[in-house]
Structures are given as structure tokens and as C-alpha cells.
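The values are calculated or read from the model by the stated rules, or taken from the named source; none is laboratory data. All figures in this text were calculated on a predicted structure; none of them were measured in a lab. Methodologically, a virtual Cβ is constructed for each residue, glycine included, from the backbone with ideal geometry; neighbour enumeration extends over all protein chains shown. The accessibility values were calculated without ligands, DNA or RNA, using every heavy atom of the protein model including side chains. Shrake-Rupley method; radii C 1.70, N 1.55, O 1.52, S 1.80 Å.
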Amino acid sequence: SADIKRWLSMLELLHSAARGAAPHLPLILSASAWSSHRALIDMDPAPFRNSDVLFTFHFYEPAALTHQGVPDLNWQYIRDLSWPAKGTLDGAVSRSEEAISADQALDDETRKVARARTRRILVDYFAVDQGPSRIQAEFAKVAYWASRHNIPAQRILLGEFGCVHPKGHVDTGWL
């Protein structure tokens with residue numbers, strides 16, 4: 001995409017400038033799209049082949065779980081999702097509907113948008129396996145990308161991962 005090409009162009013310029021100032025300093029490079037693993041595996045690492053670099057990615061998936069309750073129209077009305085996924089889509093939608101209905105700051109149109117967005121997110125969440133096998137499959141894609149480009153595994157860095165919870169409580173029993 002145009003964004004990926006623009007990001008790679010900027011990354012090459014920054015890499016060149018850093019190499020000019022510090023030719024032997026290890027550099028950590030990330031892909032576009034919030035440093036997502038999906039953007040990383042779409043990235044062509046060829047411009048950095050002969051440089052001391054590590055490639056990093058961020059992993060906040062499934063986003064419905066890791067961002068539930070974050071104040072914006074996408075996540076703030078999602079409540080009490082677990083990992084691995086338990087419960088039902090209907091139950092999750094019901095909890096989100098209650099939260100949307102209780103939000104007195106919403107007008108009718110914004111409430112309608114919030115319901116549609118939240119339902120779409122929850123449908124997507126319950127449509128795929130939300131357990132260890134999903135994370136393993138996504139990480140395997142990164143490993144395959146690295147292997148295909150002859151990048152040693154120790155040159156891949158999971159730079160960020162975790163859960164955001166604005167109320168400060170997250171069920172960590174699965175850790």
C-alpha cells in the first residue's frame with residue numbers, strides 16, 4: 001500500500017542518517033501501522049540487509065480483549081471479555097448494550113454508531129479462536145517472514161504486548 005511504501009521510504013532515510021552518525025550502533029526498526037506484526041511481514045527488509053538491525057513489532061491482539069474499556073467509540077463499551085474466549089457473543093453484546101444505554105453523554109445517532117461498532121468488534125472477536133493457538137499462528141507468520149529473508153530469530157523483537165484496562169484491573173489468571 002501507499003502507507004507502507006511511504007513508511008519504508010522514511011525508515012530508509014532515518015536509517016541512513018543514524019548510520020551516518022553511528023555506523024556500528026545496533027538499530028531497532030519497526031514497520032508501519034503501529035508497528036504491527038502484519039505490517040512487519042509485509043515489509044521488505046532488503047534495504048537493511050547489511051546493517052546491524054533488529055526488527056520489532058507490537059502485539060495487542062485480540063484488540064477487543066486488550067483494549068476493552070478504553071475510552072473511545074471502538075472499545076469503551078466492551079466489558080468482561082476473557083482470554084481464552086469464554087461466554088457467548090450474545091452475552092458480550094448484552095453487556096455492551098447496557099454500557100451504551102447507560103452513557104448519558106450519547107445522543108441517539110452516536111448511540112447507534114457505538115452499538116454498530118461495538119457489535120462488529122464483538123462478532124469479529126467470537127468468530128475466531130481466541131486462545132494460545134491464535135497467538136502461535138500469528139507469531140509463526142513473523143518467524144516465516146524472518147526465515148524467508150534470512151533474518152536470524154534473535155534479530156526479531158516483540159517490543160510491546162499487553163492489555164490496557166482503564167480501571168486498573170485485569171484478570172491475569174491466564175498468565
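Given +1 at the Cβ of Lys and Arg, -1 at the Cβ of Asp and Glu and no other charges, the dipole of region 62-166 around its Cα centre is 480 debye to the nearest 20.
Placing unit charges on each Cβ (+1 for Lys and Arg, -1 for Asp and Glu) gives region 88-153 a dipole about its Cα centre, and among VAL128, ALA114, GLN104 the Cα reaching farthest toward its positive end belongs to VAL128. Among the aspartates and glutamates, select those whose C-alpha is under 14 Å from the C-alpha of LYS141, and discard any that sit fewer than 8 residues away in the same chain. Answer for LYS141, where 14 Å is the Cα cut-off: ASP42, listed by chain and number.
Ranking PRO62, GLY91, SER51 by Cα position along the charge dipole of region 44-109, where only Lys, Arg, Asp and Glu carry charges on their C-beta atoms, puts SER51 farthest toward the positive end. Between the entries (1) -0.47, -0.77, -1.21; (2) -0.36, -0.64, -1.25; (3) -0.43, -0.69, -1.10, the label attached to log10 I(q)/I(0) by the Debye sum over Cα atoms at q = 0.09, 0.12, 0.18 Å⁻¹ calculated for this structure is (3). Near SER36, the amide H atoms lying under 5 Å from its own belong to HIS58; only residues 5 or more places off or on other chains count, and H is placed 1.01 Å from N.
The aspartates and glutamates whose alpha-carbon is closer than 18 Å to the alpha-carbon of LYS112, local same-chain residues fewer than 8 away aside, are ASP72, ASP90, GLU97, GLU98, ASP103.
In order along region 23-40, the phi-based Karplus estimate (6.51 cos²θ - 1.76 cosθ + 1.60, θ = phi - 60°) of 3J(HN,Hα) comes to x, 10, 6, x, 10, 10, 10, 10, 8, 6, 6, 6, 6, 5, 5, 5, 5, 4 Hz; Gly and Pro are listed as x. Summarising the amide proton neighbourhood of LEU29: residues at separation of 5 or more, or on other chains, whose placed amide H is nearer than 5 Å comprise LEU54, PHE55, THR56. For region 19-162, the per residue solvent-accessible surface stands at 56 Å², with DNA, RNA and ligands left out and a 1.4 Å probe.
Leaving out ligands, DNA and RNA, and with a 1.4 Å probe, what % of the accessible surface on the chain is carbon or sulfur? Result for the chain: 57 percent of the exposed heavy-atom area is carbon or sulfur. Heavy-atom accessible area with a 1.4 Å probe sorts MET43, MET10, largest first, into MET10, MET43.
Backbone geometry of region 54-66 corresponds, through the Karplus equation with coefficients 6.51, -1.76 and 1.60 at θ = phi - 60°, to 3J(HN,Hα) couplings of 10, 10, 10, 9, 10, 9, 10, 10, x, 4, 4, 7, 6 Hz, x marking Gly and Pro.
Here the chain is assigned +1 on the Cβ of each Lys and Arg and -1 on the Cβ of each Asp and Glu. Its dipole about the Cα centre then comes out at about 420 debye.
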